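The next block holds one structure in the form of structure tokens; read it before the comments.
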Amino acid sequence: RMKMTDSKYFTTTKKGEIYELKSELNNDKKEKKKEAVKKVIASMTVGKDVSALFPDVVNCMQTDNLELKKLVYLYLMNYAKSQPDMAIMAVNTFVKDCEDPNPLIRALAVRTMGCIRVDKITEYLCEPLRKCLKDEDPYVRKTAAVCVAKLYDISSGLVEDQGFLDQLKDLLSDSNPMVVANAVAALSEINESSPTGSPLVELNTNTINKLLTALNECTEWGQVFILDSLSNYSPKDEREAQSICERITPRLAHANAAVVLSAVKVLMKMMEILAGDTEFCGTLSKKLAPPLVTLLSSEPEVQYVALRNINLIVQKRPDILKHEMKVFFVKYNDPIYVKLEKLDIMIRLASQANIAQVLSELKEYATEVDVDFVRKA
């Protein structure tokens with residue numbers, strides 16, 4: 001017979017995980033609260049449904065602890081879409097956080113607002129966002145600039161009606177280069193999704209100068225956005241084109257392949273305008289070869305992107321790489337897509353001067369195993 005005391009193994013005081021978390025979230029002790037929110041986030045990350053705790057987690061937003069606030073915001077972003085009515089409860093705290101004395105909290109609030117894709121909430125975000133775009137702290141302004149692009153994605157009409165596009169354009173002449181870079185990035189993003197397709201940024205000598213100054217200060221992806229905008233600009237005269245080239249040439253030494261290729265794109269465009277100045281173009285051509293060759297020692301995926309770009313460059317200006325034939329020789333362990341691209345470029349660069357070399361390479365390729373490659377060779 002079972003002893004009476006054994007029954008304790010069969011009863012449980014546990015009313016379930018959600019119940020336990022609920023009481024921990026409502027604990028008066030700060031540390032306990034933070035631990036509880038961490039547990040909720042952990043459960044959410046592994047795919048458990050902790051949406052029932054929405055009101056309790058939202059209550060933890062009223063805190064000056066930045067780490068705890070970040071966690072609550074993370075939870076909000078995840079559940080706002082599936083619980084739009086609940087998410088409205090958090091709006092007041094957002095609006096309050098956008099006026100917090102700590103700029104990190106203001107930026108965090110505006111960043112999260114941009115990620116909450118709920119129509120009902122969007123209209124509440126306009127006022128706080130408008131304030132943050134004029135915030136005294138550049139970190140808050142640069143975060144708000146990106147938020148405008150996200151908001152445009154949810155409701156383009158709202159962004160236009162509220163005058164946010166004009167505020168973004170004003171940020172192009174901000175004193176802080178990071179803010180300028182983010183404003184350019186946001187405008188480029190909006191441009192791509194805008195139905196009219198007409199450029200939002202009127203590029204003129206003044207904005208171009210701002211963009212070129214911002215280039216030296218911003219992150220690599222900010223640089224890519226700026227360079228891509230510059231490639232759509234037609235300088236007013238040759239002197240301006242030359243000055244743009246001189247200020248962009250240092251980007252050719254950048255470690256990020258995307259920055260290098262975007263810089264090459266701008267320089268190619270400027271060289272068309274400067275076609276009459278053969279000496280300047282000659283010097284510039286010499287500077288373009290080494291960075292392109294360097295890209296070919298990257299991993300195959302980057303190599304392939306570089307080769308696709310080089311293929312276009314060679315069609316336009318074969319002289320840039322005419323002495324670099326050797327780097328396009330195929331290596332036995334190149335992936336097939338790299339091999340075929342290299343072969344294409346070799347043929348474009350073939351000339352009276354290097355034909356013997358090219359032919360002996362092709363002869364070798366004809367004995368390879370890959371049928372497609374052999375046929376092409």
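The values are calculated or read from the model by the stated rules, or taken from the named source; none is laboratory data. The structure displayed is predicted, hence computed values, not measured ones. No Cβ is skipped: glycine too gets one built from the backbone with ideal geometry, and neighbour counts run over all protein chains shown. Calculation scope for accessible area: heavy atoms of the full protein, side chains included, ligands and nucleic acids excluded. Shrake-Rupley method; radii C 1.70, N 1.55, O 1.52, S 1.80 Å.
Within region 80-111, restricting attention to residues that are within 27 Å of the chain's Cα centre (by Cα) and of a type in the set (Lys, Arg), which residue is modelled with the highest pLDDT?
Checked region 80-111; the qualifying residue modelled with the highest pLDDT is ARG106.
For ALA107, which of the numbered conditions (1) in contact with a Ser or Thr (Cβ under 7 Å, 6 or more places away or on another chain); (2) on the phi > 0 side of the Ramachandran plot fails to hold?
So ALA107 meets the others, but not (2).
Do the conditions hold for VAL224, that is, is it in a helix (DSSP H, G or I), of a type in the set (Val, Ile, Thr), closer than 16 Å to PRO177 by Cβ and open to solvent by 10 Å² or more (accessible area, probe 1.4 Å)?
When the stated conditions are applied, VAL224 passes them.
Out of LEU296, LEU292, LEU284, LEU252, which single residue is surrounded by 16 or more Cβ atoms within 10 Å (Cβ to Cβ) and in contact with a Pro (Cβ under 8 Å, 6 or more places away or on another chain)?
Step by step, each of LEU296, LEU292, LEU284, LEU252 is checked, and only LEU252 is surrounded by 16 or more Cβ atoms within 10 Å (Cβ to Cβ) and in contact with a Pro (Cβ under 8 Å, 6 or more places away or on another chain).
So VAL327 passes all but one of these: (1) at pLDDT 90 or above; (2) open to solvent by 50 Å² or more (accessible area, probe 1.4 Å); (3) under 22 Å from THR249 (Cβ atoms). Which condition number does it fail?
(2)
Would you pick out the residues in region 101-117 that are in contact (Cβ under 8 Å) with a residue 24 or more places away in the chain and open to solvent by 10 Å² or more (accessible area, probe 1.4 Å)?
ASN102, PRO103, LEU104, ARG106, LEU108, ARG111, CYS115, ARG117
In this structure, does ASP137 turn out to be farther than 21 Å from ASP64 by Cα and surrounded by fewer than 18 Cβ atoms within 10 Å (Cβ to Cβ)?
No; evaluated as a whole, the condition is false for this residue.
Being β-branched (Val, Ile, Thr) and modelled with pLDDT of 90 or more is the requirement here; does VAL159 meet it?
No, not satisfied.
Before we move on, is VAL146 buried (at least 22 other Cβ atoms within 10 Å of the Cβ) and modelled with pLDDT of 85 or more?
No.
Report whether or not ARG247 is buried (at least 19 other Cβ atoms within 10 Å of the Cβ) and either in a helix (DSSP H, G or I) or out of contact with any Cys (no Cβ under 8 Å at 6 or more places or on another chain) (or both).
Values: buried (at least 19 other Cβ atoms within 10 Å of the Cβ): no; either in a helix (DSSP H, G or I) or out of contact with any Cys (no Cβ under 8 Å at 6 or more places or on another chain) (or both): yes.
Criteria not met by ARG247.
What number of residues within region 270-281 satisfy the criterion of being surrounded by 13 or more Cβ atoms within 10 Å (Cβ to Cβ) and not charged (D, E, K, R)?
6
Looking only at residues in region 337-367 that are charged (D, E, K, R) and over 22 Å from GLU299 (Cα atoms), which one is surrounded by the most Cβ atoms within 10 Å (Cβ to Cβ)?
Going through the qualifying residues, I end up with GLU361.
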